[in-house]
1. For a bin width of 5 Å, list the pair-distance distribution of the stretch A:70-123 built from all Cα-Cα distances, rounded to whole %.
2. Pull out a ≥ b ≥ c, the square roots of the eigenvalues of the alpha-carbon gyration tensor of the protein assembly as shown, then state rounded if a/c is under 1.5, prolate if not and a/b is larger than b/c, and oblate in the remaining case.
3. Run the numbers on the stretch A:21-101 and let me know its relative contact order in percent, using alpha-carbon pairs under 8 Å that are six or more apart.
4. For the pair residue C:5 and residue C:96, what calculated FRET efficiency results from E = 1/(1 + (r/R0)^6), where r is the Cβ-Cβ distance and R0 = 25 Å, to the nearest 0.05?
5. Select from C:79, C:39, C:123 the residue whose mean-square fluctuation is largest in a Gaussian network model of chain C (Cα-Cα springs shorter than 10 Å).
6. From the label point of residue B:6, set 7 Å from Cα along Cα→Cβ, how far away are the matching label points in the other copies, in nm, ordered shortest to longest?
7. May I ask you to compute the full-extension gain from residue B:22 to residue B:135, defined as 0.36 nm times their residue separation minus their alpha-carbon distance, rounded to one decimal in nm?
8. From the label point of residue B:63, set 7 Å along Cα to the beta carbon, how far off in nm is each other copy's matching point, shortest first?
Amino acid sequence: MEYRCFGDTYVIRMDRGEEIVSTLAALCEQENIRLASVEAIGAVDRALVGLYDVGEKEYHKREFREPMELTSLLGTVTEKDGKPYLHLHATLCDANMQTHGGHVNELYISATCEMILRLIPGEVGRRPDEDTGLNLFQF
Amino acid sequence: MEYRCFGDTYVIRMDRGEEIVSTLAALCEQENIRLASVEAIGAVDRALVGLYDVGEKEYHKREFREPMELTSLLGTVTEKDGKPYLHLHATLCDANMQTHGGHVNELYISATCEMILRLIPGEVGRRPDEDTGLNLFQF
Amino acid sequence: MEYRCFGDTYVIRMDRGEEIVSTLAALCEQENIRLASVEAIGAVDRALVGLYDVGEKEYHKREFREPMELTSLLGTVTEKDGKPYLHLHATLCDANMQTHGGHVNELYISATCEMILRLIPGEVGRRPDEDTGLNLFQF
C-alpha cells in the first residue's frame, strides 16, 4: 500500500497480494481516521462475501477464487470501541463479465486496488441493535 | 431514519421497514436539499427496479422479494418544479451472491441502509427531453 | 455533453450517442483536470468491458449490444505523460435486470449519463509496473 492525503481526500494504491479490509483497517488506525466514506475499483482473485439473514441473524458467506474485476467497492469508516469500524460492500465481475457481490469479509488483490477515502468532519459510532442483530450507526 | 450533517456531508441511517426513495425525498424536502450526490450500501428485502426502453419510452420493471444486499446505490438529487428530484440506480445481490440491478423505483430496507449525501453548492434542474422521453439535467 | 463546475465538483450530463470514456477525456483535457474521482449512472446500448488476466498480462474483452442501465460507474482521473489518464469500472444491468460489468473500454449512451466529478487538490501519476503489466498509481 502507498497513499497520499490531499486536503480531506486520501488517494490509496493497494498492491498485489494485499487483503483490502485489513489493509484499510491498518491505514485508518495509523492515520487516526474515524469517519470517512470509501470508494474503490481494482482486481482481485479471492473474495469472501456474504448476505445477511435478518431472520437467522447470521451471514451466509460465499468464497470466490478466480480472477475478478472489482467493479465497485463502497462503504464507510466509523468508530466502535475506540477503533475504526469498516463496513464495505462489493460488486465483482468474473471472466464472463457476470457480476457477483455482497457484504465484504475479505478481498485479495490480484493486480491493484485504487481507493478514494474522504474524511468527514464528525463522529459516528456503532451500537448493537437487538432487532436486526447488527451494529448500526449511532449518532 | 436518523442523520447528522457534518460540513457539506450528511451521514444517514435508514431503518428496517423504511423505503429508501421516499425516505430520502422527505429528508431532502425537510433539509431543503436541491443539489447533491448520493451513495449508499445496505440490505433490502423488496426492490422495484427498471430498465428504460428508449424506443418505447417506457420503463420495464421487475420486482424482487427476497433478502438482498444493496452493494451499490448511486445517484443525484436535483430540482424539478421547486421540489427535490431523485435519480438513483442500484446493484443488489441475492442469496447466491448473484447481482441484479437497475433504475430504482422502490427499495425496502430489511436491516439498515447507510447513506452518504454530499451537498453540491449550485443549482441543477430537470427538463423534459422529447428525444429520449426523460427528464434530463438542465443547467 | 454539458456541464457546470460548482466549487470542486463538476456536474456533467452526457447525451445519447456520446461515448463516455472519450467524452470524459475531452472534458479533462479542456478543463485541465489531472486528479479527480468520478461516479456516474446512466443508460447505454453498447459496452466494451474487460477482465484483466494478470498471468497473461492482457484484457479479455466482451462487447454488449443491448439496452442496459449503467448502475454504477466508478473510477479516477490521474495523469500520465502530461495527459489525463482515465481508469473506470462499470456495472450494467440488462433487460432481465441481470448485471454484467468490468474494466471499461467503451460505453455508448442510449439515453443519458449523469456524472459527478470531484477535483482532488494534488498530483498522482502512473508508472508501468512489470509485475502486473499495468500502469499503477505513482505518488
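The values are calculated or read from the model by the stated rules, or taken from the named source; none is laboratory data. What you see is a predicted model; the values in this text were computed from it and never measured. Virtual Cβ from ideal backbone geometry, glycine too; neighbours counted across all protein chains shown. Quick note on the areas: whole protein, heavy atoms, side chains included, nothing else; ligands and nucleic acids left out. Shrake-Rupley method; radii C 1.70, N 1.55, O 1.52, S 1.80 Å.
1. 4, 15, 24, 24, 15, 10, 5, 2, 1
2. It comes out rounded by the Cα gyration axes.
3. Values: 147 pairs, mean separation 24.3, N = 81.
Dividing the mean separation by the residue count of the stretch A:21-101 yields 30 percent.
4. 0.05
5. Most flexible of the set in this elastic network: C:123.
6. Relative to the other copies, residue B:6 has label-point distances of 2.2, 2.2 nm.
7. Roughly 38.8 nm would be gained on extension.
8. Nearest first, the other copies' label points are 3.9, 3.9 nm away.
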